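Working notes for the structure below.
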Ligand code: HEM
């Protein structure tokens with residue numbers, strides 16, 4: 001059979017609506033977050049949900065859809081796309097102003113499909129990293145079920161944190177798996193994961209001790225990653241490997257700080273300390289990882305080259321500086337500082353999007369070809 005030259009671009013077109021739904025969730029969720037700071041911004045009619053569902057739009061609508069899409073791209077079979085289709089549709093229902101159940105149910109169904117996808121990956125390859133990611137997906141699903149059961153967001157947010165923490169730890173284990181680790185590495189990792197997971201489970205029935213234990217677990221995970229991740233070596237290489245390493249090590253700092261903040265300020269309840277703990281994790285840790293992995297993940301998902309450029313350091317510096325300002329203002333109980341810091345967080349994310357779109361548009365031969373991001377990521381660390 002003759003190869004069909006239009007096949008890759010048709011596949012790419014297929015992925016674009018899913019990516020667009022993820023991006024629409026990010027933008028509506030960010031806007032809602034800015035209004036919650038509070039900043040006096042205009043809101044289109046029917047968009048009160050952007051404020052109320054800021055957290056779910058960011059976690060399930062944006063991250064859930066993009067992670068689900070990235071996983072589906074790497075697996076055979078169209079059914080794997082059910083997860084991002086459902087979370088994307090659920091987020092669009094929420095962002096479009098549909099009240100109540102439809103959005104919540106679609107997001108929860110999407111996370112259930114994602115559990116099936118990660119379970120399939122475990123069947124294909126039984127390894128510590130695949131099991132860790134599958135556990136992360138399961139915790140996200142349980143968190144969503146509790147939320148559907150009308151638990152408030154502050155009581156389920158630790159389960160969402162667990163989803164992202166375990167997904168990212170699993171991803172790092174995957175990308176570092178060819179380096180030889182000391183014998184103590186696996187038992188200490190299992191210990192840190194065990195501590196964190198016991199805390200998450202305990203928090204459902206005994207909030208403060210559970211959250212403190214989970215905070216200790218996150219701190220232990222951050223120390224483990226800082227000690228054993230390949231980023232400590234790749235930071236000495238020039239170009240993309242160094243850039244990724246800077247993002248990763250910066251992210252581990254924020255992960256450790258989240259652990260400390262949880263230990264010191266449990267219970268998680270709306271207020272400035274809540275803001276500090278949550279955004280140290282979601283912006284400091286998760287977005288550092290996104291910034292670091294974007295130059296290899298976008299080519300894979302979009303099948304388009306992204307050329308690495310030194311200006312990428314600008315959005316990284318902007319993110320860390322603005323977040324330091326926001327979290328210090330939170331801890332100093334200075335709401336105006338939080339408003340400025342939160343607003344500048346959004347500017348850093350907008351800069352990232354602008355730099356990435358420019359790099360996609362001007363993709364050069366220096367970039368990695370699409371479809372081989374795992375190889376590229378292994379080279380870059
Ligand atoms: C410019 C960036 C952001 C701004 C301005 C912002 C703003 C806010 C504000 C003001 C709150 C309320 C805190 C409170 O109740 O005391 C909040 C809560 C929250 N944020 Fe963000 N946020 C941003 C980014 C993010 C990101 C990137 C994520 C996740 C990936 C996220 C997830 C959450 C979650 C889960 C909550 C808890 C929601 C709730 O309790 O209803 N935020 N955010």
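Here, each number is a calculation from the coordinates, and none is a lab measurement. Not measured: the values here are computed from a predicted model. Glycine also receives a Cβ, built like all others from the backbone with ideal geometry; neighbour counts cover every protein chain displayed.
Annotations
- Segment 85-139: relative contact order in percent, alpha carbon pairs under 8 Å with at least 6 residues between: 31 percent
- For segment 237-381, dividing the convex hull volume of the Cα atoms by the residue count gives 104 Å³ per residue.
- Debye log10 I(q)/I(0) for the chain, one point scatterer per Cα, at q = 0.08, 0.11, 0.13 Å⁻¹: -0.37, -0.74, -1.09
- Footprinting exposure proxy for 75, 106 (fewest neighbouring C-beta atoms within 10 Å first): 75, 106
- Per-pair calculated FRET efficiency, R0 = 22 Å: residue 14 and residue 145 via Cβ, rounded to 0.05: 0.15
- Cα pair distances in segment 267-346, grouped into 5 Å bins until the bin that holds the longest one, percent each: 3, 15, 22, 20, 14, 10, 8, 6, 2, 0
- For segment 139-212, the calculated P(r), taken from all Cα-Cα distances in 5 Å bins from zero up to the bin holding the longest distance, is 3, 15, 22, 22, 14, 11, 8, 4, 1, 0 percent.
- Helical mean residue ellipticity (222 nm; -39500 (n - 2.57) per DSSP H run of 4+; nearest 500) of the chain: -24000 deg cm²/dmol
- Between segment 298-357 and segment 42-121, the C-alpha centres lie 23 angstrom from each other.
- Available extension along the chain between residue 125 and residue 180 is 17.8 nm, counting 0.36 nm per residue and deducting the alpha carbon span.
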